[in-house]
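Input: a single structure, listed below in structure tokens.
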Amino acid sequence: MTGRRGALIILEGVDRAGKTTQCTKLVQALRARGRAAEMMRFPDRTTKIGQMISLYLEKKINLEDHTVHLLFSANRWELAPLIKKKLEQGVSLVVDRYAFSGVAFTSAKPGFGLEWCKNPDVGLPKPDLVLFLQLSPAEAARRGKFGDERYERTDFQKTVLQRFEQLMKDPSVNWQVIDAARSIDELHQEILRHSEAAIEQAANQPVAELWN
Ligand code: TMP
């Protein structure tokens, strides 16, 4: 590899933790500091697979639970070559959700174990940093009502949070837990600090494989 590669930075967290706002602010701040950065999000609803996922989330179609899990994973795999290309070109990617959401949401359904859920995503480009925006269910509830999409229910989100907590015990992933119950700007400053450190760390290392 010649030159410095970009870093793969993921923002995860339960719904309403402020991930999308923080992703946007992070990309803007990195660019303002002269670093190449772009935002991505999963699910990416623009592809054929993403459109099917979107219909499912909007409750316009029903899909069998294993099937939809594999579609979410396929949606990441179809973008994996682009992710690698961008990183190698020196672009840092700020990504709203990744395989961790995939595992946390499906394994919150009855009958799904963590290991089964992780398998389809084994080998994806490994994030250099995963920022977990932590928000208690009570604080999330104070931020207003949920929307109408599938999974937007307090009881389900509580189980999702427990699954994320299990995933965070894995020391092979660079997790940073961020207290999201603070102002947008305070959160942003902490996220920026962790991200710049990860970009420096990743620069001269090859892209690794997730959970491998
Ligand atoms: P969002 O587009 O508002 O972030 O919401 C996507 C929803 O899909 C959210 O409830 C989390 C869920 N999800 C999964 O179930 N599996 C996945 O792999 C991903 C990325 C998201």
If one takes the longest principal axis of the Cα atoms in the chain, at what angle in degrees, from 0 to 90 and to the nearest 10, does the Cα axis of helix 19-32 lie?
10 degrees
Starting from the Cα of S136, move 7 Å in the Cα-to-Cβ direction to define the label point; list residues of segment 173-194 whose amide nitrogen is under 15 Å from there.
179-182
Whole-Å distance linking the alpha carbon centroid of segment 19-77 with that of segment 145-186 is 16 Å
Enter the angle in degrees (range 0 to 90, nearest 10) between the Cα long axis of helix 154-167 and the first principal axis of the Cα atoms of the chain, meaning the one along which they spread out most.
40 degrees
Working out 0.36 nm times the residue gap between Q166 and D65, then minus their Cα-Cα distance, what length gain in nm do you get to one decimal?
34.3 nm
Can you compute the charge dipole magnitude of the chain about its Cα centre, using +1 on each Lys and Arg Cβ and -1 on each Asp and Glu Cβ, nothing else charged? Give it in debye, rounded to the nearest 20.
400 debye
Of K59/K86; K118/K145; K48/K109; K84/K118; K86/K158; K59/K169, which pairs sit farther than 27 Å apart, going by alpha carbon to alpha carbon?
K59/K86; K118/K145; K86/K158; K59/K169
Using a 7 Å offset from Cα along Cα-Cβ at L114, what residues in segment 140-164 end up with backbone N under 16 Å from the label point?
159-164
Dividing the alpha-carbon Rg of segment 8-202 by 2.2 N^0.38 Å yields what?
0.99
To check you understand DSSP bridge types, tell me what percent of the beta bridges within segment 8-202 (both residues inside) are antiparallel, rounded to 5.
0 percent
Starting from a Cα-only point model with no solvent, please compute log10 I(q)/I(0) by Debye for segment 10-74 at q = 0.18, 0.23 1/Å.
-0.79, -1.00
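Values in this text are rule-based calculations from the coordinates and carry no lab data. This is a predicted model, so every value here is computed, not measured. Here the Cβ is made from the backbone with ideal geometry for all residues, glycine too, and neighbour counts use every protein chain on show.
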